[in-house]
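One structure below.
The values are calculated or read from the model by the stated rules, or taken from the named source; none is laboratory data. The shown structure was predicted, so the numbers you read here are calculated from the model rather than taken from an experiment. Reconstructed Cβ throughout: ideal geometry from the backbone, glycine too, with neighbour counts over all protein chains shown. Just so you know, the surface numbers come from the protein's heavy atoms only, side chains and all, with ligands and any DNA or RNA stripped out. Shrake-Rupley method; radii C 1.70, N 1.55, O 1.52, S 1.80 Å.
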Amino acid sequence: MKENTIQHRRLMTATIFTFIFMSGYALTYTMLGTLLPGIIQHYSLSISQASYINISLELGGTSAMVLALFLLDRLNKGKTLLILALFFGLIALYTGSAPPFALMLISRFFMGLVGSVLDNLCATYISDLYGEHRARYVSLLHTFFAIASMIAPKFAALCYQVGGWSLAYLVCGGAITIAAVLAVVILRVMGFPQNSMDDQKQEKTKIPYREMLQSRNMRWLCLASFLFAGYSYVAMWLSTYLDGQNSSIYTVGFCSTIMTAYYVGSVVSRVGLAAISEKISSAVYLKWASLLSGILLVALLLIQQPVAWLVGSFLYGVIGGAMYTGRFVLSCQEFPQFSATASSLTGICSFGGNMAFSAIMGMVADAGFYTQGMLVIAVLLVTGFFIFEFGYRSKQS
């Protein structure tokens with residue numbers, strides 16, 4: 001009985017800190033959309049030059065997924081998680097010091113590198129801790145990600161008004177660093193919890209890289225991950241796009257409200273997916289979410305009205321806010337024993353898409369065709385319907 005109580009306390013402590021790290025990562029990552037206009041003004045950047053901020057982040061994320069392919073399923077995830085959280089907090093603090101632009105890009109690269117592994121590790125560590133109950137707790141973890149993302153625009157706008165864009169990174173970096181230090185001290189004293197994968201470690205075979213690369217479903221998931229990066233681009237750069245359309249109407253405060261509406265919708269989307277996950281497959285959700293989000297984006301770009309953007313941003317989040325979770329679940333279903341490796345493979349494609357969209361859209365925006373570029377993204381989102389209707393074959397079907 002006493003041993004079970006100790007294990008339960010260790011499990012709850014590790015879970016709480018993992019949720020804190022995921023929320024901190026989400027807050028730090030998401031608030032860039034609101035802060036971009038201020039960063040552009042601070043460094044006197046064009047849209048094309050500003051795109052390097054996102055490209056550096058995504059390049060770091062891609063590098064992280066490559067490392068994760070070979071390392072995460074072999075490391076002690078609990079201890080690695082604490083180290084990464086500490087480094088991520090320190091990197092955020094350095095970003096908040098407003099370094100010269102070249103060093104800013106380097107810090108963004110390492111933020112993407114460390115942050116992306118941290119994101120993946122939070123989900124796979126929770127998956128290992130809760131075993132057959134992983135779906136419930138991973139969905140809850142991603143819901144906390146969405147809640148933190150929902151708070152991020154207003155938090156970023158408040159920090160921007162009080163002390164400029166850098167204050168937001170200083171606050172987040174400080175909080176994450178303190179939490180990481182506390183976690184190291186507490187878990188060192190209490191000990192780490194046992195997880196459901198401990199008994200399987202000796203049985204785990206060599207990671208089947210060739211089988212993953214030859215898998216038809218994994219190829220379709222990789223293509224979808226690349227194309228769906230356009231969805232994330234719109235969410236990240238919407239404030240900058242609207243500011244360029246009419247900065248007197250689309251102020252920092254109004255844009256932060258729009259982004260908050262989007263993330264409220266994302267919370268609804270992820271909670272909803274968790275609720276219906278046993279009734280419909282993630283593939284079915286992704287099929288319709290990609291189609292409807294593409295159609296909605298076209299409508300918003302054609303209407304171009306503040307009220308439409310406010311309502312539409314909420315619906316954009318409701319429809320597609322759980323697309324990341326859906327792809328994560330499908331990749332884990334394909335190779336459940338090697339979930340970190342499988343999800344990293346699709347993650348590489350997602351980060352590649354993010355870099356491609358950021359680079360291309362930066363050039364398109366500077367040429368004066370930003371809206372047309374956004375319309376192309378909408379069309380690419382619609383292709384997701386055909387991927388999951390005619391290409392990917394769910395194991396549940």
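Legend: Rg and Dmax of the range 257-397, from Cα coordinates, 16.0, 48 Å.
Leaving out ligands, DNA and RNA, what percent of the accessible area of the chain is carbon and sulfur, probe 1.4 Å? Carbon-and-sulfur percentage of accessible area, whole number: 67. The distance linking the range 271-315 with the range 159-196 is 33 Å (Cα centroid to Cα centroid, whole angstrom). Counting only DSSP H runs of at least 4 residues, each contributing -39500 (n - 2.57), and dividing by the residue count of the chain, the helix-based mean residue ellipticity at 222 nm comes to -28500 deg cm²/dmol. Counted without the sites themselves, the longest stretch of the chain free of GluC sites (Glu not before Pro) in a DSSP loop having at most 16 other beta carbon atoms within 10 Å is 1-202. D by Stokes-Einstein for the range 1-130, Kirkwood Rh over Cα pairs, 25 °C, 0.890 mPa s: 154 µm²/s.
Values of log10 I(q)/I(0) for the range 254-306 across q = 0.17, 0.19 Å⁻¹ run -0.69, -0.81, by the Debye formula with one identical scatterer at each alpha carbon and no solvent.
If you bin all the Cα-Cα distances of the range 23-62 at 5 Å, starting from zero, the percentages per bin are 6, 21, 27, 26, 15, 4, 0.
Length available on full extension from Met12 to Ser46: 0.36 nm per residue minus the Cα-Cα distance, which gives 7.6 nm.
Entry comment: accessible area of the range 1-146 is 40 Å² per residue, from protein heavy atoms only and a probe of 1.4 Å. Cβ-Cβ distance of Arg188 and Leu105, R₀ of 56 Å, FRET efficiency by 1/(1 + (r/R0)^6): the value works out to about 0.95.
Viscosity 1.002 mPa s, temperature 20 °C: Stokes-Einstein D of the range 98-155 from its Kirkwood Cα radius, in µm² per second?
161
Binning the alpha carbon pair distances of the chain at 20 angstrom intervals from zero yields the distribution 29, 60, 12, 0, expressed in whole percent. Over the Cα atoms of the range 339-388, Rg to Rh with Kirkwood Rh, two decimal places? That ratio equals 1.10.
Note on the range 305-356: Kirkwood hydrodynamic radius from all Cα pairs is 12.7 Å, rounded to one decimal.
Of the Cα atoms belonging to the range 277-321, the radius of gyration and Dmax stand at 12.1, 38 Å. In a Gaussian network model over the chain where Cα atoms closer than 10 Å are linked, find which of Asn120, Asn354, Asn76 has the largest mean-square fluctuation. With Cα springs under 10 Å in the chain, the top fluctuation among Asn120, Asn354, Asn76 is at Asn76.
Calculate how large, on average over all directions, the projected area of the Cα convex hull of the range 138-288 is; give the answer in nm² to one decimal. Let's see the in-between values first.
Working: hull surface 55.0 nm².
In nm², the orientation-averaged hull projection of the range 138-288 is 13.8.
Mean sequence separation of contacting Cα pairs (under 8 Å, at least six apart), scaled by the length of the chain, corresponds to a relative contact order of 27 percent.
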